[in-house]
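Before any comments, here is the structure.
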Ligand code: FAD
Ligand code: UDP
């Protein structure tokens, strides 16, 4: 069969590779000048430092088969994300762990003492948290919430934490030991040659033809594919006919520095008085080569509402967006010849490992339909 795959990020690349290995012919296109989607990396032309162009990406997963999958296409080095946060003139370790608690409350708690202490702080909080703020008060109490989460979250989302779902905070662990690993997954690392090289390797197959700088809209009139896998924004596919789905976008302000600028890859800024949310220093995402670079490149990250011309980053997914999304999903399910995948196609925040897992599940479903000689399903993310 002939497949058209729209978008050469992880969703599109993994799908293209699987279908090519099953003997299908794949045309994959991306309107950007590079593949890799938002995971795109490239070496800085001045310093040679590997830059994560759309914000830092650390690969982490609980799934051995996904970890094995990415190792097929790139050499990974172990990388543990140890984030620091500046609040009220002091530096702490994140996610909140025993060190953060002891520093913040000027204490020397043991794990059990810290747990008992935090329980007294959160005892007055809601028992059934219904939003981000209630979840924070329930988990850590008011002092830590105000110091680390209240202002940062307002900067990141442009909304009061009371308007946001509890699920956003649940992404972060709370630990009563000195483990300061930002993620809890057993497999964590960064590809030595970057994510773009990894994705190029996935796409390196004789049955795959990649067109960059090519949008779906310009090729659609003459396209003759049996089926389309669409990983671009779902509202855009339907010409925004029900309205635009809201996203947060990021602006990056580059800092060129000598030596070591901040001593760590990620420093969050949790105070309202600092407009940016964090500064990332990219050579620290590759500690195996960081010493080679005498200079450094950092980025201040500012979050704001995306306009029609901005790169979409974080789907907002509040009530208004979700009711719009429902209309697009209904439409997607009845549009034959196309399936929607990925973070833009399904309008969800997805980590890279989930993105790959969903693309593989979608492919297995397609295999099954083809084996049973049934017309391919018009699915909105694999069931
Ligand atoms: P994308 O990467 O967005 O790829 C979609 C591609 O489709 C794009 O290249 C786009 O140009 C193309 N496209 C769209 N519409 C069209 C069209 N009409 N015509 C042609 N091309 C089109 N995940 C982690 O696991 N670890 C992390 O540390 C991490 N950090 C992140 C940091 C930030 C700031 C953000 C926003 C996300 C982060 N993620 C992280 C998530 C990660 O970026 C996603 O999992 C991944 O990008 C999803 O891949 P995708 O292929 O679905 O989408
Ligand atoms: N967060 C915060 N302060 C921090 C780090 C995170 O308030 O120093 C909040 C913020 O709302 C963020 C959420 O916790 O969106 C989840 O954190 P994560 O690091 O997963 O956020 P991301 O950068 O992926 O949005």
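Take the Cα of residue 170, step 7 Å toward its Cβ, do the same at residue 330, and the gap between the two points is 2.7 nm.
Under the rule a/c < 1.5 gives rounded, and otherwise a/b versus b/c splits prolate from oblate, where does the stretch 251-383 land using the Cα gyration tensor? Oblate shape, in that a/c is at least 1.5 and b/c is the bigger or equal ratio.
Geometric descriptor of the stretch 230-284, per residue, is 142 Å³ (volume of the convex hull of the Cα atoms). With springs only between Cα atoms under 10 Å, which of 169, 318, 245 fluctuates most in a Gaussian network model of the chain? In the Gaussian network model the winner is 318.
With the Kirkwood sum run over all distinct C-alpha pairs, the stretch 210-301 has a hydrodynamic radius of 17.4 Å. Please list, by residue number, everything in the stretch 302-340 whose backbone N is under 15 Å from a paramagnetic label point 7 Å out along Cα→Cβ of residue 361. From the stretch 302-340, the list is 340. Site pair residue 123 and residue 108 shows an inter-label distance of 2.5 nm when each label is modelled 7 Å from Cα along Cα→Cβ.
Return the ratio Rg/(2.2 N^0.38 Å) for the stretch 84-227, where Rg is computed over Cα atoms only.
Taking N as the residue count of the stretch 84-227, the ratio is 1.54.
The per residue volume of the convex hull around the alpha-carbon atoms of the chain is 154 Å³. Across the stretch 308-383, the convex hull enclosing all Cα atoms gives 103 Å³ per residue.
Oblate is the label for the stretch 86-141, because the ratio a/c of its alpha-carbon gyration tensor axes (a ≥ b ≥ c) is 1.5 or higher and a/b is not greater than b/c. Is the shape of the stretch 260-319 best called rounded, prolate or oblate, per the rule: a/c under 1.5 gives rounded, else a/b larger than b/c gives prolate, else oblate, with a ≥ b ≥ c the square roots of the Cα gyration tensor eigenvalues? In terms of gyration-tensor shape, prolate. Over 12 Å, how big is the tail of the calculated P(r) for the stretch 203-243, in percent of all Cα pairs? Here the long-distance tail beyond 12 Å is 72 percent of all Cα pairs in the stretch 203-243.
No value in this document is a laboratory result; all are computed from the given coordinates. Treat the numbers as computed from the prediction; the structure is a model and nothing was measured. Note: ideal-geometry Cβ built from the backbone for every residue, glycine included; neighbour counts use all protein chains shown.
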